[in-house]
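Quick notes on the structure that follows.
The values are calculated or read from the model by the stated rules, or taken from the named source; none is laboratory data. Given the structure is predicted, the values throughout are model-derived calculations rather than measurements. Cβ coordinates were reconstructed from backbone atoms using ideal geometry, including for glycine residues, and neighbour counts include every protein chain displayed. These area figures cover heavy atoms from the full protein model, side chains too; ligands, DNA and RNA do not enter into them. Shrake-Rupley method; radii C 1.70, N 1.55, O 1.52, S 1.80 Å.
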Amino acid sequence: SMKKMEHDIIASSSQLAIADWNSNHDSMTQLYNKRHYKEQLKELQNDCTIGVIYFDIDNLKRMNDTFGHEKGDAVILKAAEFIRRYLTEQASGFRIGGDELVVLCTGISEKEFYQKVEELKTELAAHDVSMAVGAAVNTLEAVGKDHLLTESERRMYQDKAEYYRSTGLDRRKI
């Protein structure tokens, strides 16, 4: 019957929408995933300002090993929740690895971008999730859009090294 056919079409288009959503999002945090990050980057032109803020949750492995994965997952969710507060039309959030989150900013000046980064770092210090942060932008620094992730990750590791130095923690145990 027509009713049955109509029902089947609606059901399959709804399943298609769900599958499409799932292919672009991280199931735990509901942020976009790494696949979608790559897709979005491909669509951006190099002549627009693109900034990447790279976050890495401190001590996640130790937390998982000591308190179990539920505690680790709760920390990941808290970190995602923190990042979500800064998402706008021009800033999208991604979970690109187990403890790695990224904010991709477009259409803002380099000055605005670094102001946003500083604001995030200040807020983060007052938040109960400890994350290392690195940032890179494709303007003056002549970092091509394909290298933004690596460059922001490199700077995040500098931040992480500083964290280990200042806390006196041995990173090998973490």
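Once the C-beta distance of Gln45 and Arg154 is scaled by a Förster radius of 25 Å, the resulting FRET efficiency is 0.55 to the nearest 0.05. Among the helices of the chain, those built from whole DSSP H runs whose Cα atoms reach 27 Å or more along their own axis and whose mean Kyte-Doolittle hydropathy is at least -1.0 are 2-24. The distance between label points at Trp21 and Glu119 comes to 2.9 nm (points 7 Å beyond Cα on the Cα→Cβ vector). Total lysine pairs in the chain at Cα distances under 21 Å, for residues eight or more apart or on different chains: 20.
Per-residue ellipticity at 222 nm from helix content only, as computed over the chain with -39500 (n - 2.57) for each DSSP H run of at least four residues, stands at -18000 deg cm²/dmol. Calculated accessible area for the range 1-95 comes out at 63 Å² per residue, all protein chains present (probe 1.4 Å; ligands, DNA, RNA ignored). Accessible surface of the chain, 1.4 Å probe: 53 percent of it comes from carbon and sulfur atoms. The separation of the range 109-134 from the range 19-58, counted between C-alpha centres, amounts to 18 Å.
Using a Gaussian network model of the chain in which every pair of alpha carbons under 10 angstrom is joined by a spring, one finds that among Asp128, Asp26, Asp58 the greatest mean-square fluctuation is at Asp128.
Taking every C-alpha pair closer than 8 Å and separated by at least 6 residues, the mean separation divided by the residue count of the range 17-126 gives a relative contact order of 32 percent.
Sparsely packed loop sites in the range 49-141 (the GluC sites (Glu not before Pro) outside DSSP H, G, I, E and B with at most 10 other Cβ atoms within 10 Å) comprise Glu89. Considering only DSSP beta bridges with both partners in the chain, what is the antiparallel share in %, to the nearest 5? Counting DSSP beta bridges with both partners in the chain, the antiparallel share is about 90 percent.
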